[in-house]
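Student: Got a structure for you, written out below as structure tokens; questions coming shortly.
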Amino acid sequence: MHLKLGKSLNTRIQISIIGICFIIFCLPFPSLAQSKILQTKIQIKASSQKVRAVIQEIENNTTIEFSYSDNVLDNKTINLSSPTEMTLKKFLDEVLLYQDIGYKLLGSHVVLFEKKAPPKWFTLSGFIANALNSENIIGAAVFIKELGIGTITNPYGFYSIKIPAGNYTLVFSSLGYNLTTHNFTLNYNIRSDIKLDPKSYNVSEVTVSTRQNSEFLESTLMNMIKIDIKSLQDLPGLFGENDALRNLTVLPGIQANELSTSSINVRGGGTDQTTFLMDESCLYSASHFGGFFSVFNPDVVNNVNVYKSDIPVSESGALSSLINVHLREGNNKEWHVKGGVGLISARGLVEGPLKKEKSSVLFAFRRTYVDNVTRMVNLDSEFNNARFYFYDANLKLNYQINDNNRFYISGYTGSDVFSQYTRLSNTNYMGSARWNHLFGPRMFSNTTISASQNFMTQGTQIEKELIYWKSEINDVKLKSDFSYHYSKAFKLSFGIASTLFNIFPYSLLTETEQDLLTRYKSSVDRMMLNSFYVQDEVVIRQKLGIDAGIRVTHMQTQPFTDSLIGISKVYWQPQLRLSYAINKISTLKASYSYQVQPLHQLPLSMVGVAVNRWMSSSQVFEPQISSNYTFGYYNTSLISTNFSTEMYYREMGNLIETMQDMRILYTDDPEEYLHRASGTAMGVELLVSFIINKFKGMLSYDYCKAMWRTRNLNNGNPYEAAHTRKHTINLAGVYRFNKRMTLSTSWMLASGIPYTAANGKYTINGRTYLQFNGQKINTKKLPPYHRLDISLDIASKKNGVKKWKSFWNFSVYNAYLRKNALGVAYFIPDTEDGVTVQKLNPGFFYLYQFVPSVSYRFEF
């Protein structure tokens, strides 16, 4: 045995030596003959001489021969103060090199060629901001005409590009802004901060940005959609509220539950696989008013980036999509006030400089008043104590310490409350502090510390006692991100992050007029994530873009119950993206990514305030994983038409199926009621956007086939996922009659959602539960869904004296009164022997068959 190992080792050594020798002999070392030629002594006379004459004299006095083109030696002169004897090597390496003449030995010949000095490179960098309020613009494009290359600003408005010295024309542009052109003479590093003027929208631009060949190199991230907020808010809204998050569903691959804007499904993924960020802090519930509005006040939203399955390595925690919302920073030039009043809500905003051009503050508040109106118009005394409202408030502070340091503070609080005979509430708190620092023209950093909390309650009023269930989750996160712009063709990004999660699965409480009694409280569920990531972006000849990165995360969990065992493990998340510019208007892109989601959300669909419970990963319920493959084609024609298509395939593992079992809210043994599953999703997405004079339109189509396979269900066979519509078509259009009046419409047609029909009921401890056949999962489908919405927006006449601006909005939701089934209602009240019971009587339920609305907005 030892002999065999020795022979094997010797063989390896021999092969290695042979390989090394081969490499050595293949290296371009000069031969002994060439070395002898270079040591030849030559004599150069004094005084000024043409290089050509010196070469000819060397040839006459030695056996050395030179080869060169005439233009190499034209007008080249050597000046020596005295006759000099030197070796040929010194003459070539010193005297001719000073004349920018290089050489190469070929046998006894010396080949001379013109050797140009390498160009000097410098860096152009700075921030791009809104000219009216100095807020930084995210994703603005920088394009260099002479070189045909460009870059984009990072999530904090900073850009940097390294190019050779010279004279250049740079074009700066962004969605919703007029482009501007600047000329630069670059012979040293330049810091140039650019201001862009917002568009007046006489002719609007498309909602989704599709870049040309010269600008595709800005990013190889193919599944990221940058949203123009103003264009998206042009689309019709519900109750007069222009909700950017709800209108995201006009884009292919994004579907939303009609009952909740936060129940977003992306590319076949579940509603629990989408993460919402507000100023880099996580929001665990992103909807209001029973899910009909998002928590993002349209007046404070600056930018929305949507990542579909291909989430960058700089972020984590989501399997299917990341919706990253950046809030406005506030006007640091002058004070402004905005507000609006609709049928069910009112909102207001104030912003202005604390120190002009240095710091600013922004505060916004929004609240519904449905409960107040109901009490005024309803004479029934039972409604006097009813409360049904939501509110949210945003606060943003920023301070520019100097040109290289900026500091931001962002805060948010919001809550939904419904209380009469029952109590339902959902409350969010969020805060973050960010520090932007420039180490130099090519290196940028952002350090963030954030905290977020969400808690939900659900209870019943029994005489003077309120008995309710409560669940809570909170986190504290510290992260630092760095980007280094080495050259026009190479960018390196890296960072670290650490997050601590605390989850209180559920508590049972009794509240009286005098006291609050905790009847039961589960143990805390903890999870710690420590991550590091690195990502590089390489551009080859302005045609091929390569973006490769990896995120490494160490996960450690401590479950809340002894029935689950924690994990301590390292997870690797690699990504690779390729982009190839076919020509100036066409681009091909392909990508692969591996995602890990450590948190499990256990959602239950309800009409009203949504109820969720959170759970960390364990050895029983491991982190959800997904492998994503995507291929896309993008085309921007010269007639204001953009076309794109993407195909994708996803394999998902460690999924959880709740089967809408309410008992998961109250159990210490989740394994008893949760089902482990896996899934696949494949689909095709098409998007066409265009502009014709004053009309802009968009058509999107989404085909998605999502199949789930769950242990012990459906006889082990795959079944259609209950959250995904197989076919979806969206049409949207905006027509501007003039500067004051705009008409917008949107129409949607989609196939019905699959569902599992209940076949009975049972009662345990006074609670009634539905009974399902676990071997016939999602064999039924709701009817097809279609709806038309119309909106008319009218602005006040322009007043040259007053700064007051006002707008009226008239809209109709579901214009042709379509009855769209949103789900199945199984119980109706009945009486048996004088006792009220729940009788099983399944049927579809509907909401909002026709909703006209009017709203008024103002600003000054």
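The values are calculated or read from the model by the stated rules, or taken from the named source; none is laboratory data. Since this is a predicted model, take the numbers as computed values, not measurements. As a convention, Cβ positions derive from the backbone with ideal geometry for all residues, glycine included, and neighbour counts pool all protein chains shown. In case anyone asks, the SASA skips ligands and DNA or RNA and just uses the protein heavy atoms, side chains included. Shrake-Rupley method; radii C 1.70, N 1.55, O 1.52, S 1.80 Å.
Student: What number of residues within the range 357-391 satisfy the criterion of being modelled with pLDDT of 90 or more and more than 17 Å from Asn332 (Cβ to Cβ)?
Tutor: Residues flagged as modelled with pLDDT of 90 or more and more than 17 Å from Asn332 (Cβ to Cβ) within the range 357-391 amount to 1.
Student: Of all residues in the range 341-351 being open to solvent by 50 Å² or more (accessible area, probe 1.4 Å) and at pLDDT below 90, which is nearest to Phe365 (Cα to Cα)?
Tutor: Our first condition is that a residue be open to solvent by 50 Å² or more (accessible area, probe 1.4 Å); within the range 341-351, this holds for 341, 343, 350.
From what is left, the residues that are at pLDDT below 90 are 341, 343.
Values: Val341: 12, Leu343: 17 Å.
Out of the qualifying residues, it is Val341.
Student: Taking Asn693, is it closer than 30 Å to Ala795 by Cα and in contact with a helix residue (DSSP H, G or I) (Cβ under 6 Å, 6 or more places away or on another chain)?
Tutor: Working: closer than 30 Å to Ala795 by Cα: yes; in contact with a helix residue (DSSP H, G or I) (Cβ under 6 Å, 6 or more places away or on another chain): no.
Taking the combined requirement at face value, the residue does not satisfy it.
Student: Another one. Within the bounds of the range 676-696, is there any residue that is in contact with a His (Cβ under 9 Å, 6 or more places away or on another chain), closer than 22 Å to Gly253 by Cβ and either among the aliphatic types (A, V, I, L, M) or assigned to a strand (DSSP E or B) (or both)?
Tutor: Let us first name the residues in the range 676-696 that are in contact with a His (Cβ under 9 Å, 6 or more places away or on another chain), namely none.
Looking through the range 676-696, none of the residues is in contact with a His (Cβ under 9 Å, 6 or more places away or on another chain), closer than 22 Å to Gly253 by Cβ and either among the aliphatic types (A, V, I, L, M) or assigned to a strand (DSSP E or B) (or both).
Student: Being open to solvent by less than 10 Å² (accessible area, probe 1.4 Å) and at positive phi is the filter here; which residues of the range 303-323 pass it?
Tutor: Within the range 303-323, just Ser309 meets the criteria.
Student: Let me ask something else about it. Which of the residues spanning the range 274-311 are at pLDDT 80 or above, among the aromatic types (Phe, Trp, Tyr) and not in a loop (DSSP other than H, G, I, E, B)?
Tutor: Phe276, Tyr307, listed by residue number.
Student: Now for a separate question. Do you know which of the residues in the range 110-123 that are open to solvent by 70 Å² or more (accessible area, probe 1.4 Å), modelled with pLDDT of 75 or more and out of contact with any Gly (no Cβ under 8 Å at 6 or more places or on another chain) is farthest from Arg191 (Cα to Cα)?
Tutor: Lys120
Student: Would you say Thr181 is open to solvent by 30 Å² or more (accessible area, probe 1.4 Å), modelled with pLDDT of 60 or more and more than 30 Å from Asn730 (Cα to Cα)? Spell out how you get there, then give the answer.
Tutor: Working: open to solvent by 30 Å² or more (accessible area, probe 1.4 Å): yes; modelled with pLDDT of 60 or more: yes; more than 30 Å from Asn730 (Cα to Cα): yes.
Yes, satisfied.
Student: Considering each of Leu713, Leu788 in turn, give the residue that is more than 23 Å from Ile254 (Cα to Cα) and either in contact (Cβ under 8 Å) with a residue 40 or more places away in the chain or crowded, with 20+ Cβ neighbours inside 10 Å (or both). Please lay out each step first, then the result.
Tutor: Details: Leu788 fails: more than 23 Å from Ile254 (Cα to Cα).
Criteria check complete, one pass: Leu713.
Student: Would you call Ala706 crowded, with 20+ Cβ neighbours inside 10 Å, under 30 Å from Gly774 (Cβ atoms) and aliphatic (A, V, I, L, M)? Steps first, answer last, please.
Tutor: Details: crowded, with 20+ Cβ neighbours inside 10 Å: yes; under 30 Å from Gly774 (Cβ atoms): yes; aliphatic (A, V, I, L, M): yes.
The answer is yes for Ala706.
Student: Could you count how many residues in the range 679-703 are surrounded by 20 or more Cβ atoms within 10 Å (Cβ to Cβ) and over 23 Å from the mean Cα position of the chain (by Cα)? Before the answer, list the steps.
Tutor: Taking the range 679-703 first, the residues surrounded by 20 or more Cβ atoms within 10 Å (Cβ to Cβ) are 679, 681, 683, 685, 687, 689, 696, 698, 700, 702.
Still in the list and also over 23 Å from the mean Cα position of the chain (by Cα): 679, 696.
So the count comes out to 2.
Student: Given the range 563-627, what strands (runs of 3 or more DSSP E) lie entirely inside it while holding 2 or more residues that are surrounded by fewer than 17 Cβ atoms within 10 Å (Cβ to Cβ) and modelled with pLDDT of 85 or more? Working first, answer last.
Tutor: On the way: elements: 568-581, 586-597, 599-604, 611-616.
Fully inside the range 563-627 and qualifying: 568-581, 586-597.
Student: Select from the range 385-442 the residues that are open to solvent by 40 Å² or more (accessible area, probe 1.4 Å) and not in a strand (DSSP E or B) and write down the one among them that is nearest to Glu351 (Cα to Cα). Working first, answer last.
Tutor: To start, the set of residues in the range 385-442 that are open to solvent by 40 Å² or more (accessible area, probe 1.4 Å) comprises 385, 387-388, 391, 395, 397, 399, 401-404, 407, 409, 418, 420-423, 429, 435, 439, 441-442.
Filter once more, keeping what is not in a strand (DSSP E or B): 385, 403-404, 420-421, 439, 441-442.
On the way: Asn385: 36, Asp403: 23, Asn404: 24, Gln420: 37, Tyr421: 40, Phe439: 30, Pro441: 31, Arg442: 32 Å.
Of everything passing the filter in the range 385-442, Asp403 is nearest to Glu351 (Cα to Cα).
Student: May I ask you to list the residues in the range 393-416 that are closer than 22 Å to Met443 by Cβ and acidic (Asp, Glu)?
Tutor: Asp403
Student: Got at least one residue in the range 124-137 being over 20 Å from Arg406 (Cβ atoms) and either of a type in the set (S, T, N, Q) or open to solvent by 20 Å² or more (accessible area, probe 1.4 Å) (or both)?
Tutor: Within the range 124-137 (the criterion being over 20 Å from Arg406 (Cβ atoms) and either of a type in the set (S, T, N, Q) or open to solvent by 20 Å² or more (accessible area, probe 1.4 Å) (or both)), the answer is no, since none of the residues qualifies.
Student: I've got another one for you. How many of the residues in the range 139-153 are open to solvent by 20 Å² or more (accessible area, probe 1.4 Å), assigned to a loop (DSSP other than H, G, I, E, B) and either over 15 Å from Thr123 (Cβ atoms) or polar (S, T, N, Q) (or both)?
Tutor: 3
Student: Going by the structure shown, is Gln556 modelled with pLDDT of 85 or more, farther than 21 Å from Tyr648 by Cβ and among the polar types (S, T, N, Q)? Outline the logic, then answer.
Tutor: On the way: modelled with pLDDT of 85 or more: yes; farther than 21 Å from Tyr648 by Cβ: yes; among the polar types (S, T, N, Q): yes.
It is true that Gln556 is modelled with pLDDT of 85 or more, farther than 21 Å from Tyr648 by Cβ and among the polar types (S, T, N, Q).
Student: Which condition from (1) surrounded by fewer than 19 Cβ atoms within 10 Å (Cβ to Cβ); (2) closer than 27 Å to Ser359 by Cβ; (3) at pLDDT 85 or above is the one that Asn167 breaks?
Tutor: (2)
Student: If you check Tyr826, Tyr848, which single one turns out to be surrounded by 13 or more Cβ atoms within 10 Å (Cβ to Cβ), modelled with pLDDT under 80 and within 21 Å of Gly760 (Cα to Cα)? Break it down into steps so the answer makes sense when it comes.
Tutor: Details: Tyr848 fails: within 21 Å of Gly760 (Cα to Cα).
Testing whether each residue is surrounded by 13 or more Cβ atoms within 10 Å (Cβ to Cβ), modelled with pLDDT under 80 and within 21 Å of Gly760 (Cα to Cα) leaves just Tyr826.
Student: Can you tell me how many residues in the range 763-817 are at pLDDT 85 or above and out of contact with any strand residue (DSSP E or B) (no Cβ under 8 Å at 6 or more places or on another chain)?
Tutor: Residues meeting the conditions: 1.
Student: So, one more: Pick from the range 716-731 the residues that are part of a strand (DSSP E or B) and aliphatic (A, V, I, L, M): which of them is least open to solvent (accessible area, probe 1.4 Å)? Outline the logic, then answer.
Tutor: Here is the first cut: in the range 716-731, the ones part of a strand (DSSP E or B) are 719-720, 727-731.
Cutting the leftovers down to aliphatic (A, V, I, L, M) gives us 729, 731.
Details: Ile729: 56, Leu731: 76 Å².
Filtering first and then ranking leaves Ile729.
Student: Can you name the residue in the range 44-86 that is part of a strand (DSSP E or B) and within 19 Å of Ser108 (Cα to Cα) and, of all such residues, is modelled with the lowest pLDDT? Working first, answer last.
Tutor: Of the residues in the range 44-86, the ones part of a strand (DSSP E or B) are 44, 47-50, 65-67, 77-80, 84-86.
The next check asks that each one be within 19 Å of Ser108 (Cα to Cα); those that pass are 65-67, 86.
Working: Glu65: 85, Phe66: 85, Ser67: 81, Met86: 84.
Per the stated criteria, the residue is Ser67.
Student: Could you check the range 732-751 and list, in sequence order, the residues that are in contact with a strand residue (DSSP E or B) (Cβ under 6 Å, 6 or more places away or on another chain), at pLDDT below 90 and open to solvent by 40 Å² or more (accessible area, probe 1.4 Å)?
Tutor: Answer for the range 732-751, where residues must be in contact with a strand residue (DSSP E or B) (Cβ under 6 Å, 6 or more places away or on another chain), at pLDDT below 90 and open to solvent by 40 Å² or more (accessible area, probe 1.4 Å): Tyr735, Arg740, Met741, Leu743, Thr745.
Student: Read through the list (1) open to solvent by 40 Å² or more (accessible area, probe 1.4 Å); (2) among the charged types (D, E, K, R); (3) within 20 Å of Ser410 (Cβ to Cβ); (4) in contact with a Ser or Thr (Cβ under 9 Å, 6 or more places away or on another chain), then give the number of the only condition that Lys338 fails.
Tutor: Condition not satisfied by Lys338: (4).
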